[in-house]
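All of the numbers you see were taken from the coordinates with simple rules; none came from a lab. Because the structure is predicted, anything quoted here is derived from the model rather than measured. Glycine gets a Cβ as well: all are built from the backbone with ideal geometry, and neighbour counts include every protein chain shown.
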Amino acid sequence: MKRYLIVLLFVLIIVGCVQNYPMPLFKPNLPQIITHNLFNNLRNDPGVNDSIVVLGSSILTGQEIKEKIDTLLTVHPKKIAINLCDIRRGASDLIQAYTNNPVVVLGECGGEKDLFGRLIDDHNVVTHFRTDNPNYLELRAANTGSTIKDRGNALERINYYGSFDAFLTLDLDQIDALADLEVFRNKTILIGYCGIVAPDAAHNYRNAHITPLNRAYDQEERAPDMFDIHIAANIVRTINERNFIYEVNLLMRIAFMLICAFLLVLLITVIRTRWLLLNLVIYLVLYLLFIVAGTFLIVLLFSKNIYLDIPEYAIVLFVVAVFTVFHNQFYTTKETRTQQE
C-alpha cells in the first residue's frame with residue numbers, strides 16, 4: 001500500500017508542476033507531435049466549406065473596402081465580418097458606415113477593444129476561442145443560436161479544418177472582375193488580411209499565429225502559419241457545423257493517469273525473474289506498451305471528437321517505473337540478506 005501512496009504523490013506533484021509551469025518534458029515534445037498529427041493526419045479531408053468565403057483585404061483603404069462591401073450587400077450575404085485590425089487606413093470610415101448595420105460585423109483587436117474570440121498564448125499559439133462575450137466577431141458571424149450558451153464553456157478548442165484549402169479564398173480587389181456575384185448570396189463573408197497580396201514581409205506576420213496545423217508545431221523555432229481571418233473562419237465553421245471538440249477535464253485526466261500508474265506498478269511487481277537484466281528489459285517493454293496504449297487511446301477518442309490532453313503521461317509512467325524497479329530491488333535484496341542471516 002505504501003508504494004501506491006507514493007505513486008499517487010508522484011502523479012499529483014508532476015501534474016501540478018506541468019499545470020503551473022508548462023514545459024516540454026521530453027525531446028522531442030511528444031504531446032505537441034501527437035496534437036499536430038491528430039489535426040493533420042488522422043481525419044478525413046474536410047473539404048472546402050461553401051458557406052464561408054474569405055476575402056483578402058490586401059492593401060485597400062477603408063473607403064475602398066466600403067465600396068466593395070456595398071457591392072456585396074446587393075446580393076444579400078448572410079453576414080459580412082471585417083477585421084478592422086488589418087485595415088491600414090480608413091478603418092473609421094467602415095465604423096461610421098456599418099456600426100448599425102445588422103449584416104456587417106466589425107471586429108477590433110488588441111487591448112480593451114479586442115473583439116476577437118481567438119485566444120493567443122504567450123508563444124503566439126492559438127488553440128482555443130473564448131465565448132464569454134457575445135460581441136466577439138466570430139460569435140456574431142456564426143449561427144450561434146443557443147448552442148454556445150447551452151454548452152456552458154468559457155473556452156472552446158478550435159476544430160481546425162485548414163486555411164486556403166478549407167475555405168473559398170479570394171482577394172477583395174478581384175470581386176469586380178467576377179462575372180456573377182451570386183456566389184456570395186446567403187454566404188458568411190470574412191474580410192481581413194490573408195497574404196494574397198504581400199507588400200511587405202512584416203505585415204504578413206503582424207496578425208498571423210501558430211496553430212496545430214503548423215508543420216513545425218512541435219519545434220521551438222516556428223513561423224506563424226495562419227492569419228487571424230482564417231482562424232476566425234475555422235471558429236465560425238466549428239460553431240456552424242456544431243462540430244465541437246470535447247476536452248477531458250483535469251480530474252478525469254488525473255484519474256486516467258493514476259489507473260495506468262497503479263497498473264504499471266502492479267505488473268512490474270508481479271512480473272519478476274531472478275535475472276536483473278531480463279527484468280529491466282521486461283520493464284522497458286511494459287513502459288513502451290503503456291506509452292503506445294495511451295497514444296492509441298488519444299487517437300481513438302479524438303476520432304469521436306474527444307480531446308485527451310495528457311502531456312504529463314510519459315514522465316509520470318517513467319518516474320513510477322523507475323521508482324518501482326528500485327523499490328522492488330531494494331526489498332528483494334533485503335529479503336535475501338534476511339534469509340542468509
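Here is how the numbers come out for the structure above:
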quantity	calculated
Order by protection proxy (mean Cβ within 10 Å, highest first), peptides 233-245, 70-82	233-245, 70-82
Computed label-point distance, nm, for sites A179 and S303 using a 7 Å Cα→Cβ extension	4.5
Spherically averaged projected area in nm², based on the convex hull that wraps the Cα atoms of the stretch 44-244	11.5
Local electrostatic count, T238, Cβ distance below 10 Å [Lys/Arg +1, Asp/Glu -1]	0
Beta bridges by DSSP in the stretch 44-244, antiparallel share as percent, to the nearest 5	30
For the stretch 44-92, alpha-carbon Rg and Dmax in angstrom	13.1, 42
